[in-house]
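What follows is one structure encoded as structure tokens, with my remarks underneath.
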Protein chains: 2
Amino acid sequence: MTSVLAYESAYKSACAPTVSSKANPLAYLARSATTSPPPSGAVAGTNCSDCSLHSICMPAHLSATELARLDAIVCSTRLVRRGETLYRAGDKFKSIYAVRVGCFKTVITHRDGHEQVTGFHIAGEPLGLDGVCSDEQNCDAIALEDSKVCVIPFDLLEDLCHDVKAMQQHLHRMMSGEIVRESGLMMMLGTMTAQQRVAAFLLNLSSRMKTRGYSSAEFNLRMTREEIGSYLGLKLETVSRMFSKLQQAGVIDTNGKQVHILDSEKLAGV
Amino acid sequence: MTSVLAYESAYKSACAPTVSSKANPLAYLARSATTSPPPSGAVAGTNCSDCSLHSICMPAHLSATELARLDAIVCSTRLVRRGETLYRAGDKFKSIYAVRVGCFKTVITHRDGHEQVTGFHIAGEPLGLDGVCSDEQNCDAIALEDSKVCVIPFDLLEDLCHDVKAMQQHLHRMMSGEIVRESGLMMMLGTMTAQQRVAAFLLNLSSRMKTRGYSSAEFNLRMTREEIGSYLGLKLETVSRMFSKLQQAGVIDTNGKQVHILDSEKLAGV
DNA sequence: CGTACTCTTGAGCAATATCAAGGGGAGTGG
DNA sequence: CCACTCCCCTTGATATTGCTCAAGAGTACG
């Protein structure tokens, strides 16, 4: 049996250990994005320097000056309510995003109306990198719960990358990481059984939750069985059956969207 | 039925219209790569400025000075014989590559020895972009026929990107394009039937051949049925059956590795 | 000219999709 | 606060697709 850990290890996203709950809720009021450098001195709660999720937006060690420049670029945040879209396929590509609070799915819609989920993005993860190549977004990004993102105008980011080599390398790593993540998923879709896919999905989510400082054993799914199925190349009934099967085997404990991983070793060995 | 054209259109790789056959075969003798800028005045046949495949390595309009700098970076080519590896998973990541002549497959090998083909790369296409994120290669790149690649040291490329904005944007587009290409493949693996996958594979290859100036209707496959199957998430017998089925339907005409697309409309509508 | 690889085709089987029915929970309006 | 409705989830029965096992023919290369 193919170990699902191969897929697991393919996702090397850097995330912050904890999510700050002290962020000012009024900070939701997005400041308008501008293509000219905004005034420095960002509003408390929306700047990068004290953001708990900074490790996704910036390389490890930046000088105070460089940090201030990043703050100046990431000048707005945006609130997206559950079910609303952050962007749609075909939208002009201007910015990439970092999920600050909440959870998104990205969906490709075919001409025949058929939809496929291409990814789930939780707090601390990048969004929109696929738009760079064609000047327009390739998929819809839809919030699975009330969420907040940082808006990073891509042209300004490229300018910053020009001046700060560490930033340039970080961006390249983020993009390359996205390529590796997807090739891991391809492997999964190409070679794994339904049970292995569901197991790999849960383990992947588990490790991402852990990186954020949450329990890796117990969490709530924000997506439906249908969305999971679309992502994994399975029908919703099959996903449901696999959940039941893993539960009967004593590997996990599920109750609707609540998931408790009882034996991650066994889950990885499915 | 899902149209395979969605996958087709997802691949937006920029390729050159023709392949120069007048390149000096002796140019295969690779000059050693160096991390310090080599002397300018590159050997005829190995520099970028007169390479027919330049559109993959460089943005549309570069000044003579900028072109010279690119020539200076892409200082070596490498010959890889059929069956040999260009790089292996785990190798230290130093360079990206551009296929100049020939054809490669990229393969991920699992710990259990199971292999999966993650992509085929023909002349004019980039190779190795997935290594950026982790400082080491994530897959093996194996030549399917005697091939030649340009070696592009990534640190030098990043330096050039620093100075030439158009180059930076081009690199970002290449990487993002790789992300989009893979999400198209994911869609294929997740939603298409065996017949649709094979049809999409042929159409994709056809369009890439056309972009290179070859016939889009008739070409030789460099890969085996097993490699195609691995790439498409199918068994080799299934691939073979689908070829036969498409032939019976009068959509294609195959004889082993030789393929003739008789009705691309119908192929896309499968 | 032989050997090893590759491709084709058939028969039976296992995994997953499809069709169908019913239960449970969250949000909404009375 | 309760009842209603809509979604979402679960489970069963059946259909279909693609896989496995097997045999034999074609093809490339030393």
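The values are calculated or read from the model by the stated rules, or taken from the named source; none is laboratory data. Just so we're clear, the structure is a prediction, and the values are computed from it rather than from any experiment. Quick reminder, even Gly has a Cβ in these numbers, built from the backbone with ideal geometry, and neighbours come from all protein chains shown. What goes into the accessible areas is simple: the full protein's heavy atoms, side chains included, and nothing from ligands, DNA or RNA. Shrake-Rupley method; radii C 1.70, N 1.55, O 1.52, S 1.80 Å.
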Shortest-first nm distances, B:Glu136 label point to equivalent points in other copies (7 Å, Cα→Cβ): 4.2
With Kirkwood's inverse mean 1/r over C-alpha pairs for Rh, give me the Rg to Rh ratio of the stretch A:111-177, two decimals please. 1.01
So, in the stretch A:193-269, how many Lys pairs have Cα atoms under 20 Å apart, if the pair is 8 or more places apart or on different chains? 6
Residues in the stretch A:117-136 that, when all protein chains are in place, have 40 Å² or more less accessible area than the chain alone would give (probe 1.4 Å): A:Cys133
Of B:Ile252, B:Leu262, B:Thr238, which is farthest on the positive side of the dipole of the stretch B:192-269, counting Cα position, with +1 on Lys and Arg Cβ, -1 on Asp and Glu Cβ, and the Cα centre as origin? B:Thr238
Over 19 Å, how big is the tail of the calculated P(r) for the stretch A:193-269, in percent of all Cα pairs? 26 percent
Leaving ligands, DNA and RNA out of it, report the carbon-plus-sulfur percent of the accessible area of the stretch A:193-269 at a 1.4 Å probe. 43 percent
Note the buried accessible area between B and A here, summed over both chains, with a 1.4 Å probe, in Å² to the nearest 100. 4300 Å²
Compare each residue of the stretch A:162-192 in its chain alone against the assembly with all protein chains, and report those whose accessible area goes down by 50 Å² or more; 1.4 Å probe, heavy atoms. A:His162, A:Gln168, A:His172, A:Arg173, A:Met175, A:Ser176, A:Ile179, A:Val180, A:Glu182, A:Met186, A:Met187, A:Leu189
Size of charge dipole - the stretch B:192-269 - debye, nearest 20, with Cβ of Lys, Arg +1 and Asp, Glu -1, no other charges: 160 debye
Where the stretch B:192-269 is the region considered: accessible area per residue in Å², 1.4 Å probe: 46 Å²
Treating the point 7 Å from Cα along Cα-beta-carbon as the label, what are the nm separations from A:Asp50 to the other copies, to one decimal? 6.2
